[in-house]
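*Asks:* One structure follows; several queries about it will come next.
The values are calculated or read from the model by the stated rules, or taken from the named source; none is laboratory data. What you are looking at is a predicted structure, and each value in this text was computed from that prediction instead of being measured. Glycine gets a Cβ as well: all are built from the backbone with ideal geometry, and neighbour counts include every protein chain shown. Keep in mind that these areas ignore ligands, DNA and RNA; they rest on the heavy atoms of the full protein, side chains included. Shrake-Rupley method; radii C 1.70, N 1.55, O 1.52, S 1.80 Å.
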Amino acid sequence: MGKVGIIGVGQSAFVRGYPGSIRELAFEGFKDAMRDAGAKTEDIGASVICSAPEYDKQRSPAGVFAEYMGLTPQPTFYVETLCSSSSTGLKPAYSLIESGLHDSVAVIGFQKMSEISSAESQERMGRGADIQWESPFGTMMPAYYAMYARNHMATYGTTPEDLALIRLKSSTYGQINDKAVYRKAVTAEMFTDPESPMSGPVASPLRVGDCCANADGSSCIIVAGEEKARAMSDKPVWILGLGAASTSVNLAGRDVFNGLTVGIEAGRQAYEMAGVTPKEIDVAEVHDCFTIAEMMAYENLGFAKPGEGRDLIRGKETYKEGSIPVNVDGGLLSKGHPIGATGGSQIRTIVLQLRGEAGDMQVKNPEIGLVHNIGGVGLYGNVTILGR
Amino acid sequence: MNEQNTDAIQPVNPGTFTVPEDDTPPELLGGYCRTCRSLYYPPPRYCPSCLEEVESCTVGGRGTLHSFTVVRTKPPLGLPQPYCVGYVDLDGSGLRVFGLLDPERVEDLVLGARVHLTVRSMGHDGRGEARLRPCFTPDEAGEGS
Ligand SMILES: [Zn+2]
């Protein structure tokens, strides 16, 4: 088996209320990635379309997109794992190439969350929970992560102020990322100032500032076999490790409550496949839909021991200049979280970092990067390791 | 709290909790696999290990609060604002179950609190029809086992 490389990455700006249709939105990321790869539509052997369908009015968007993007008559299909849909899409793309069925695949993620109202969107995300057993109790995403936060605090002494530090870091980079939806500064005082929207209670102990920004957006990753990647790109980034796991949709069935078992298991697989250890990761994107999610990811991915994630953020070790830079593009918290586009955007960030093309967000000379993308509350987990 | 006439109101998720007509404390209903002796909550129709049908059984109504949150965003399904949800480690069966917590006892919710199950009319079914829901409430001092 040869290597599989990423030869093009793209994303739309993440915005509130994208004015066009979903196919136009998806085209923005696609166009960006095709230009980046210097590819023509006939270079693409197949397309994988990714989103979380509860937000889409369009059913079966794959065929609609393939037609709009000129990717016919090549095969296309749809992949969904809630918030991790587009990193999940990378796995069939990799497999199609390694199997020899295709020599290149476009993985296109999108979400137009403004197709429905914000309140409705919270309720629909709750439907990503178990609609039979949990939704009748009014579950929604912040409530689940809030319970992880409460136990992390009780077990390890993590504080609300530690979580706020994660948001401060995100806003530092959100301000310099022109694709980010939330580009304003966030200060620690805002979390305690009753006049600031950041301090508003959502689900105790999480506050508004602990929650990511909803956005509309799209992303696209163009993947190719080794031969084609070398022919088309001066700087292919190789897929070194792919880990993926699932767990019970009902948190009641889970043993570990201070971290997401899917993140731990997907990480273990990806490290093993890539033959690297957490210490060798130079830059990472982790799934920070809530501040506590980033804190747990530090620990679940082995960047810190369980309970010591707070030391990383207190010591600014996850800033650009630190020992393990994390989410130095603003993360989901500031860049925004258009569900189905998020994983592809995270992969794009790491690819740009490894190529040395991340601009003001560039980490010094990274060689190996990691992407951690979670769907639902730890229902699906993908960890992808990339290298130059 | 329990004075309201709940006779006519239908339970949400029927078959997952008892609705006593006397003073018997309500309990959650789970599934029991006779073959491998596994307990499940919520009850599946089949045991995934044995592929055999499970039978309904009580899994308890008392336990310890493992985690909780007070949700202050707009509640769905006509639930009170704020409403509370949490995980309870049930005595005996050892199952960790998810459910509603008493919204009128917010200040008594702490990790490790002793709680017991109540069944009350809370919220609706999504179409405005009232529903009985199981809801854990903290024990009063000196109450319980
Ligand atoms: Zn069994």
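*Asks:* Has the stretch A:281-300 got at least one residue that is without any contact (Cβ under 8 Å) to a residue 40 or more places away in the chain, over 16 Å from A:Thr172 (Cα atoms), crowded, with 24+ Cβ neighbours inside 10 Å and of a type outside the set (Asp, Glu)?
*Replies:* Yes.
*Asks:* Might you let me know whether the stretch A:194-210 holds any residue that is more than 14 Å from chain B (Cβ to nearest Cβ), at pLDDT 95 or above and under 30 Å from A:Leu386 (Cβ atoms)?
*Replies:* There is no residue in the stretch A:194-210 that is more than 14 Å from chain B (Cβ to nearest Cβ), at pLDDT 95 or above and under 30 Å from A:Leu386 (Cβ atoms).
*Asks:* Residue under question is B:Cys84, and the condition is that it be of a type outside the set (D, E, K, R), within 16 Å of the ligand (Cβ to nearest atom) and either within 14 Å of chain A (Cβ to nearest Cβ) or not in a strand (DSSP E or B) (or both); does it hold?
*Replies:* The answer is no for B:Cys84.
*Asks:* Considering only the stretch A:63-72, how many residues are buried (at least 20 other Cβ atoms within 10 Å of the Cβ) and either touching a strand residue (DSSP E or B) at 6+ places or on another chain (Cβ under 7 Å) or in a helix (DSSP H, G or I) (or both)?
*Replies:* Total satisfying the criteria: 3.
*Asks:* Of the residues B:Gly30, B:Gly63, which is in a strand (DSSP E or B), open to solvent by less than 70 Å² (accessible area, probe 1.4 Å) and either more than 30 Å from B:Gly112 (Cβ to Cβ) or within 16 Å of the ligand (Cβ to nearest atom) (or both)?
*Replies:* Matching residue, one of B:Gly30, B:Gly63: B:Gly30.
*Asks:* Quick one: in the stretch A:27-54, which of the residues that are touching a His at 6+ places or on another chain (Cβ under 9 Å) and not in a strand (DSSP E or B) is farthest from A:Phe14 (Cα to Cα)?
*Replies:* Checking each candidate, the answer is A:Gly45.
*Asks:* Examine the stretch B:41-55 for a residue that is closer than 30 Å to A:Met153 by Cβ, among the aromatic types (Phe, Trp, Tyr) and within 16 Å of the ligand (Cβ to nearest atom), and state whether such a residue exists.
*Replies:* yes
*Asks:* Can you name the residue in the stretch B:89-105 that is facing another protein chain (nearest Cβ under 9 Å) and not small (Gly, Ala, Ser) and, of all such residues, is most open to solvent (accessible area, probe 1.4 Å)?
*Replies:* B:Arg96
*Asks:* Please name all residue pairs, on different chains or six or more residues apart, with Cβ atoms under 9 Å, provided the first residue is in the stretch A:227-247 and is within 20 Å of A:Gly89 (Cα to Cα) and the second residue is part of a strand (DSSP E or B) and open to solvent by 40 Å² or more (accessible area, probe 1.4 Å).
*Replies:* Close Cβ pairs (under 9 Å, with a partner that is part of a strand (DSSP E or B) and open to solvent by 40 Å² or more (accessible area, probe 1.4 Å)) amount to A:Ala244/A:Tyr380; A:Ala245/A:Tyr380; A:Ser246/A:Tyr380; A:Thr247/A:Tyr380.
For every residue, the table says whether it meets (1) surrounded by fewer than 20 Cβ atoms within 10 Å (Cβ to Cβ); (2) hydroxyl-bearing (Ser, Thr, Tyr).
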position	(1), (2)
A:Ser12	no, yes
A:Glu42	yes, no
A:Gln58	yes, no
A:Leu82	no, no
A:Ser85	no, yes
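*Asks:* Identify, from the list B:Gly99, B:Gly92, the residue that is part of a loop (DSSP other than H, G, I, E, B), within 30 Å of B:Thr35 (Cα to Cα) and away from the ligand (no atom under 16 Å from the Cβ).
*Replies:* B:Gly92
*Asks:* Quick one: A:Ser323 ticks every box in (1) touching a residue at least 24 places away in the same chain (Cβ under 8 Å); (2) over 17 Å from the mean Cα position of the chain (by Cα) bar one, so which box is it?
*Replies:* Failing condition for A:Ser323: (1).
*Asks:* Within the set of pairs 6 or more residues apart or between chains, which connect a residue that is closer than 15 Å to A:Val371 by Cα inside the stretch A:328-344 to a residue that is buried (at least 24 other Cβ atoms within 10 Å of the Cβ) and of a type in the set (Asp, Glu) with Cβ atoms less than 8 Å apart?
*Replies:* Here the result reads A:Asp329/A:Glu285; A:Gly331/A:Glu285; A:Gly331/A:Asp288; A:Gly331/A:Glu294; A:Leu332/A:Asp288, each pair linking the stretch A:328-344 to a residue that is buried (at least 24 other Cβ atoms within 10 Å of the Cβ) and of a type in the set (Asp, Glu).
*Asks:* Given the conditions (1) modelled with pLDDT under 95; (2) more than 9 Å from every other protein chain (Cβ to nearest Cβ); (3) over 21 Å from A:Tyr145 (Cα atoms), and given that B:Arg114 satisfies all but one, which numbered condition is not satisfied?
*Replies:* Just one mismatch for B:Arg114, condition (1).
*Asks:* Quick check on my filter: what residues within the stretch B:33-60 are open to solvent by 80 Å² or more (accessible area, probe 1.4 Å) and in a strand (DSSP E or B)?
*Replies:* B:Tyr46, B:Glu53, B:Ser56
*Asks:* Based on what the data block shows, is B:Pro76 open to solvent by 40 Å² or more (accessible area, probe 1.4 Å) and either closer than 28 Å to B:Arg127 by Cβ or away from the ligand (no atom under 16 Å from the Cβ) (or both)?
*Replies:* no
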